[in-house]
Amino acid sequence: EKLGLNEIREKFLSFFETKEHLRLKSASLIPEKDKSLLLINSGMAPLKPYFTGQEVPPKKRVTTCQKCIRTPDIERVGKTARHGTFFEMLGNFSFGDYFKSEAISWAWEFCTQWLKMPEERLWVTIYQDDDEAFEIWNKKIGLASERIVRMGKEDNFWEIGLGPCGPCSEIYFDRGEKYGCGKPDCKIGCDCDRYIEFWNLVFTQFDKDEEGNYNKLAKPNIDTGMGLERMSVIMQDVYNIFEIDTIRHTLDYICSLAGVEYGKDPTKDVSIRVITDHIRSVTFLVSDGVLPSNEGRGYVLRRLLRRGARHGKLLGFKGPFLSMVSKKVIEAYHQAYPELKEKEKYIQNIIKIEEERFEETLEQGLEKLQEYIKLMNGTDTLSGEAAFKLYDTYGFPLDLTKDMLEEHGLKVDEEAFIEEMERQRKRARTARGDNEAEGWKEDIYSKLDKNIKTTFVGYDNLSYPSII
Ligand code: ATP
Ligand code: MG
Ligand code: MG
Ligand code: MG
């Protein structure tokens with residue numbers, strides 16, 4: 001009998017309750033007091049004030065299941081087995097209470113005792129200089145040294161600018177050759193889906209000062225993040241996060257609505273997975289109060305929804321369909337997130353309105369793009385001007401255009417696109433007779449990329465460029 005996603009969530013939270021953690025509800029996807037962050041992207045993000053000492057936590061040990069959005073992963077969605085733009089992150093946190101030894105031991109205990117994961121399939125990474133973590137894994141846990149892989153700063157050290165930071169240790173599961181890339185040098189850290197990273201243990205033990213010194217924190221913290229969908233993939237032994245119980249529910253419905261079969265055509269499968277992913281994000285974003293717009297969070301929502309709608313076209317949908325699909329997301333998730341059920345009608349209405357609005361320009365935009373591609377005459381880069389036209393006249397977010405071009409092996413001149421945005425901004429400014437730069441602080445175009453780029457990324461060491 002395979003564990004369902006809801007059961008895994010519950011097991012995790014109750015496990016940490018047995019270790020005297022206080023269970024807190026997921027915070028909203030909209031950060032409460034944090035201007036540096038567009039959307040919550042990790043379990044620790046809403047708890048930041050407890051880590052910095054700005055606020056006193058209700059208990060020194062806390063456990064949560066946090067809704068997260070990571071748009072920087074958007075281009076990987078549907079292509080890797082393990083990335084979604086929306087996912088749930090389980091975590092246990094210590095605010096100056098327990099530290100490395102407990103965090104490692106409990107993670108191991110949960111995996112091997114509570115979930116009964118086979119030990120011989122588990123691997124860990126540590127930060128190259130973290131001998132303390134090595135000793136705990138090797139001596140206390142008894143993990144063979146070959147399965148403790150030392151990694152560099154980029155992968156296993158968490159820091160954002162100055163302040164609290166520290167090494168981390170990640171737990172991986174070897175899913176076996178059938179999920180791998182088959183290359184002879186395929187090993188942990190390979191970008192394929194064989195060794196799947198599912199848990200990140202962050203040991204916040206330093207405070208980085210302005211001279212770049214790492215000073216030892218008197219009271220170090222623990223922050224961990226375990227991907228619920230990834231753990232479900234492992235426990236259910238399915239190919240990817242879209243095939244786990246709660247998400248498959250949506251995927252199957254999309255297939256039945258579109259009259260397509262999953263697993264028959266790799267290109268269609270990508271579209272099916274993209275829609276499955278994006279509608280989840282959209283449903284949760286709307287339930288947390290985000291509305292489609294041309295800036296900030298609203299633009300993230302719009303991008304996801306429009307990208308989903310366009311993949312619907314690839315599957316043969318003739319009109320709006322996403323609001324219907326959101327019903328399936330709500331069915332699978334309302335027990336854990338009652339707000340979904342409470343706002344069901346509202347969520348569907350918002351999605352429907354935005355879908356209909358986009359529907360009006362989508363077909364024409366697609367034709368226009370075909371025209372542009374013909375005019376490119378075999379060159380591989382669409383001009384910024386053309387991409388801007390698609391954005392401005394047809395409502396195509398840049399990543400939608402990029403996505404479409406990529407299917408033809410083509411790309412877009414992104415710098416020139418941004419220049420076009422700037423130019424548009426200046427024109428609008430002149431037209432308004434507004435010469436004061438001040439008034440432009442709220443400008444939608446500058447805001448949209450600035451906001452997205454300054455997104456606080458938690459311990460996700462961003463290796464993908466943020467996209468508009
Ligand atoms: P990856 O290297 O696979 O992109 P990450 O190192 O960026 O993951 P962390 O920032 O360490 O991820 O987040 C902690 C955990 O959250 C990960 O170990 C994983 O289980 C989960 N997670 C991260 N990003 C995603 C995503 N886009 N979709 C689903 N789960 C995710
Ligand atoms: Mg990683
Ligand atoms: Mg990680
Ligand atoms: Mg990542």
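The values are calculated or read from the model by the stated rules, or taken from the named source; none is laboratory data. Not measured: the values here are computed from a predicted model. A quick note on method: Cβ atoms are made from the backbone with ideal geometry, for glycine too, and the neighbour counts reach across all protein chains shown.
Applying the condition of being in contact with a Ser or Thr (Cβ under 8 Å, 6 or more places away or on another chain), assigned to a strand (DSSP E or B) and within 17 Å of Pro220 (Cα to Cα) to region 122-180 and asking which residue is nearest to ligand 1 (Cβ to nearest atom) yields Trp158.
Residues that are hydrophobic (A, V, I, L, M, F, W, C), closer than 19 Å to Glu17 by Cα and away from ligand 2 (no atom under 16 Å from the Cβ) within region 44-89 comprise Leu47, Val62, Cys65, listed in sequence order.
Restricting region 332-385 to residues that are in contact with a Ser or Thr (Cβ under 9 Å, 6 or more places away or on another chain), assigned to a helix (DSSP H, G or I) and aromatic (Phe, Trp, Tyr), the residue that is surrounded by the most Cβ atoms within 10 Å (Cβ to Cβ) is Tyr333. Tell me, please, whether a residue that is buried (at least 24 other Cβ atoms within 10 Å of the Cβ), part of a helix (DSSP H, G or I) and of a type in the set (Asp, Glu) can be found in region 267-280. Yes, some residue in region 267-280 is buried (at least 24 other Cβ atoms within 10 Å of the Cβ), part of a helix (DSSP H, G or I) and of a type in the set (Asp, Glu). Residues in region 1-44 that are modelled with pLDDT under 95, within 21 Å of the chain's Cα centre (by Cα) and surrounded by fewer than 18 Cβ atoms within 10 Å (Cβ to Cβ) were compared, and the one that is nearest to His334 (Cα to Cα) is Glu32. Each residue in region 248-261 was checked for being among the β-branched types (Val, Ile, Thr) and over 10 Å from Arg273 (Cα atoms), and 1 of them qualify.
Answer yes or no as to whether Asp392 is surrounded by 14 or more Cβ atoms within 10 Å (Cβ to Cβ), modelled with pLDDT under 95 and among the acidic types (Asp, Glu). Judged against the criteria, Asp392 is not a match. Only one entry of Ile171, Ile136 meets the criterion of being within 16 Å of ligand 4 (Cβ to nearest atom), among the β-branched types (Val, Ile, Thr) and surrounded by 15 or more Cβ atoms within 10 Å (Cβ to Cβ), and that entry is Ile171. The C-beta contact set for region 97-125 (first residue in contact (Cβ under 8 Å) with a residue 24 or more places away in the chain, second residue among the small types (Gly, Ala, Ser) and surrounded by fewer than 17 Cβ atoms within 10 Å (Cβ to Cβ), distance under 6 angstrom, 6+ apart or interchain) is empty. Taken over region 72-125, the residue count meeting the criterion of being under 30 Å from Thr401 (Cα atoms) and away from ligand 3 (no atom under 16 Å from the Cβ) is 7.
Residue check: is Val233 of a type in the set (A, V, I, L, M, F, W, C), within 12 Å of ligand 1 (Cβ to nearest atom) and not in a strand (DSSP E or B)? Yes; evaluated as a whole, the condition is true for this residue.
The condition (being small (Gly, Ala, Ser) and in contact with a strand residue (DSSP E or B) (Cβ under 9 Å, 6 or more places away or on another chain)) is satisfied by just one residue among Gly189, Gly212, Gly182, Gly176: Gly189.
Within region 212-239, residues that are over 18 Å from Glu170 (Cβ atoms) sit with their Cβ atoms under 7 Å from residues that are among the acidic types (Asp, Glu) and assigned to a helix (DSSP H, G or I), at 6+ positions apart or across chains, in these pairs: Gln236/Asp245.
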